[in-house]
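*Asks:* Quick one: the structure is below, questions incoming.
Every read-out reported here was derived from the displayed coordinates using simple, explicitly stated rules and does not represent laboratory data. No experiment lies behind these values; they were computed from the predicted model shown. Glycine gets a Cβ as well: all are built from the backbone with ideal geometry, and neighbour counts include every protein chain shown.
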Amino acid sequence: MIDNIPLLRKSLEHWLADYIASTELAGFVVGVSGGIDSALCAKLGSIAAQKTARTITALSLPISYGGRVDGQDMSGFYEKHQIPSRTFDLSGIYEAFLDLMPVTDLVIRSNIRTRLRATALYTYANENKLLVLGTMNRVEFAIGYFQKQAAIGDILPLARLSKRTIRELGASYGLPKSLIQRKASGCVHGQNAEDEWGIPEETVDAVVGADWKPHQVQSVSQGIISRLNDLFETTKHKRAFPPIFEP
């Protein structure tokens, strides 16, 4: 089915529409960063919202720090696709948090930014009775490339889809080529996810299956497979409910 983009589109649209229709919620909200994953989620959510007479909001939550900004201004894109959007700049809140609880570790600071966004996203969702659309793709989910208990969402339409499939879906909806081809950014130790992984995105995409496990591919070295297997195993706790003591 994944090779059949029109059929996959139809399945995703119906899945989201059926899910939101089964709730008493008013619609969806999706946190958007300027990448293809969140843009595609917003597009899918808008179609499902139209089918069910619900609403959707694309929520941009930029944070300025160290001369850079997490998140790109995508208001023109969402306006063109008739997807309502709002922007809340969290830079001041982030700075206030660091004044309250100073930390210098870059990874911890990145986690803080993500958790502040999650707080804003769920506050908006709770206030407006909305469902949070998660934007995780299958590679990110498989190797734990997300902040625990902060970057998931209530429902994950893309978590079993490869980045290649996501890009093809985006193209089928007429999303701009510059957006479709954009590498994941907002990283701690590099300009994009590839820099942090040390492995080309296309390689990881080809190796990680829909079951989230790395699979041997002829053109990929055993060293890379082993490294991805290690990431899959060591990040299992991120994909599971916290342990509960059973008396």
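*Asks:* If you take the beta carbon distance between V69 and T104 as r and set R0 to 25 Å, what does 1/(1 + (r/R0)^6) give as a FRET efficiency, to the nearest 0.05?
*Replies:* The pair V69/T104 has a calculated efficiency of 0.80.
*Asks:* If you don't mind, there's one more thing I want to ask. Specify which residue in the list P157, M136, I56 is farthest towards the positive end of the charge dipole of region 50-176, using unit charges on the beta carbon of Lys, Arg (+1) and Asp, Glu (-1), about the Cα centre.
*Replies:* Farthest along the dipole direction, towards plus: P157.
*Asks:* If you compute Cα extents along the principal axes in Å for the structure shown, which of (i) 53, 38, 36; (ii) 43, 43, 32; (iii) 52, 51, 50 do you land on?
*Replies:* Label of the calculated value: (iii).
*Asks:* Mind checking which aspartates and glutamates have their C-alpha under 16 Å from K238, skipping anything on the same chain fewer than 8 residues away?
*Replies:* The qualifying aspartates and glutamates are E140, D154, D211, D230.
*Asks:* Using unit Cβ charges (K, R positive; D, E negative) and no other charged atoms, how large, in debye to the nearest 20, is the dipole of region 27-168 about its Cα centre?
*Replies:* 560
*Asks:* Set Lys and Arg Cβ to +1 and Asp and Glu Cβ to -1, take the dipole of the chain about its Cα centre, and tell me which of W15, P214, T119 lies farthest positive.
*Replies:* So the residue furthest toward the plus end is W15.
*Asks:* Might you report the magnitude of the Cβ-based charge dipole of the chain about its Cα centre, with Lys and Arg at +1 and Asp and Glu at -1, to the nearest 20 debye? Walk me through the numbers on the way to the answer.
*Replies:* On the way: 27 positive and 26 negative charges, 89 e Å.
With Lys and Arg at +1 and Asp and Glu at -1, about 420 debye.
*Asks:* How much mean residue ellipticity at 222 nm does the chain get from its helices, if each DSSP H run of length 4 or more adds -39500 (n - 2.57) and you divide by all residues, to the nearest 500 deg cm²/dmol? If you can, show how the numbers build up before the last one.
*Replies:* Values: 11 runs with 117 residues, N = 247.
So the calculated ellipticity at 222 nm is -14000 deg cm²/dmol.
*Asks:* Which FRET efficiency, nearest 0.05, do Q50 and T234 yield, Cβ-Cβ r, R0 35 Å?
*Replies:* 0.25
*Asks:* Can you give the local net charge around P176? Use residues other than it whose beta-carbon is closer than 10 angstrom to its beta-carbon, Lys and Arg +1, Asp and Glu -1.
*Replies:* Numbers: positive: K80, K177, R182; negative: none.
Here the count lands on +3.
*Asks:* Would you mind working out the magnitude of the charge dipole of region 129-176 relative to its Cα centre, with +1 at each Lys and Arg C-beta and -1 at each Asp and Glu C-beta, to the nearest 20 Debye?
*Replies:* The dipole magnitude comes to about 80 debye.
*Asks:* Local charge sum around S110 (other residues, Cβ-Cβ under 13 Å, Lys/Arg +1, Asp/Glu -1)?
*Replies:* +3
*Asks:* OK, next. Write down the percent of antiparallel bridges among all DSSP beta bridges whose residues are both part of the chain, to the nearest 5.
*Replies:* Details: 4 of 17 bridges.
Antiparallel bridges: around 25 percent, rounded to the nearest 5.
*Asks:* What net charge do the residues around R9 carry, taking every other residue with its C-beta under 14 Å from that of R9, with Lys and Arg at +1 and Asp and Glu at -1?
*Replies:* After counting each charged neighbour, the total is +1.
*Asks:* Still on this structure, I have one more. Counting only DSSP beta bridges with both residues in region 1-139, what percent are antiparallel, rounded to the nearest 5?
*Replies:* Taking every DSSP beta bridge with both residues in region 1-139, the antiparallel ones total about 20 percent.
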